[in-house]
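Beneath this line is the structure, given in structure tokens, with notes to follow.
The values are calculated or read from the model by the stated rules, or taken from the named source; none is laboratory data. Keep in mind the model is a prediction, meaning the values are calculated, not measured. Positions of Cβ are generated from backbone atoms using ideal geometry, with glycine treated the same way; all protein chains shown enter the neighbour counts.
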Amino acid sequence: MASLPREARLPINRCNLPAVVLGGLTYQQHPSPLLLDGVAELHSDLFRRLLQAPVEQAPEVFRDYLTVHFRLERPEEMGFTGRKKSRAKANYIRMIRGWSFDSDSREGAVLKGWVESRFGLMPRYHSESLRDPSGDAYRRYLEMRAQGLYGTNALEAQFDLVYTYCQHALAKAHPNARHVTLYRGVNRLADHDVLEKLDNGRYVILLNNLSSFTCSRERACEFGDYILEVTVPLTKIFFYCGLLPGVLQGEDEFLVIGGVVDVALSTI
């Protein structure tokens, strides 16, 4: 059974499973909950409110909580005194929208850095290959990540709540489900780390630590000549179109945390 390569993981992370476990092929087939350290305990009031709220009101409850807790509309109350107000407004919504426009952007670097920090999965690509953590490409990625975090208000803590809320919403909407089938359009399989070739057009590959997928095969066809079909654990979904109405527009997009996966490759 393919495991997560050593060079693609950190020895420590901030969740209940080590990277070598949550990033391996066995986890794709037999997932268990991923719990970020201290998030549910620190924000117990939010999740109490979510449990009591009707399903249709949950997104509003979540938005209101983050707005108040992180003073998103009053950055001066969190000590912000700078002139560049745009950085103070760089909240979780802007980061996710920025990713949707360009996953190799500064916002994309911040999100990939959050996955690296929380789950111990190192990014494999950001505008260029990051397979050499001592190389110039990885240094440029770190610079973009630092620039994206500079002058912001606990962005990674905001992402912690986005992921935990996403898991809450998925569990409530699909109480007996553990996986969802998603699709990704690619032009070349060689752009991914292929670990093993199986029979019947199946491959074992290592995904980037955060990637965009769609639940629509037809939509995936618009993004490449080949289609990757992946059975994704619900626990690997960071965000999806519809979780917070108005954040992502169209494309039925899912932001999926990476690791080793068994995929089916087909042509359009």
* Structure fact -> Note on the stretch 1-18: residues touching a helix residue (DSSP H, G or I) at 6+ places or on another chain (Cβ under 7 Å) and closer than 14 Å to Thr235 by Cα are Cys15
* **Any hit, the stretch 185-206, residues being under 30 Å from Asp45 (Cα atoms), at pLDDT 95 or above and under 21 Å from the mean Cα position of the chain (by Cα)** => no
* Enumeration of residues in the stretch 210-240 that are out of contact with any helix residue (DSSP H, G or I) (no Cβ under 9 Å at 6 or more places or on another chain) and either touching a residue at least 40 places away in the same chain (Cβ under 8 Å) or surrounded by fewer than 22 Cβ atoms within 10 Å (Cβ to Cβ) (or both) -> Ser211, Cys215, Ser216, Arg217, Glu218, Arg219, Cys221, Glu222, Phe223, Gly224, Asp225
* Structure fact -> All conditions in (1) surrounded by 17 or more Cβ atoms within 10 Å (Cβ to Cβ); (2) farther than 22 Å from Glu56 by Cβ are true of Lys197 except (1)
* Structure fact -> Checked Arg188, Arg145, Arg184 against criteria (surrounded by fewer than 15 Cβ atoms within 10 Å (Cβ to Cβ) and either of a type in the set (Lys, Arg) or within 17 Å of Ser211 (Cα to Cα) (or both)); the one match is Arg188
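Taking the stretch 1-14 as the search range and keeping residues that are touching a residue at least 40 places away in the same chain (Cβ under 8 Å) and surrounded by fewer than 19 Cβ atoms within 10 Å (Cβ to Cβ), which one is farthest from Leu170 (Cα to Cα)?
Glu7
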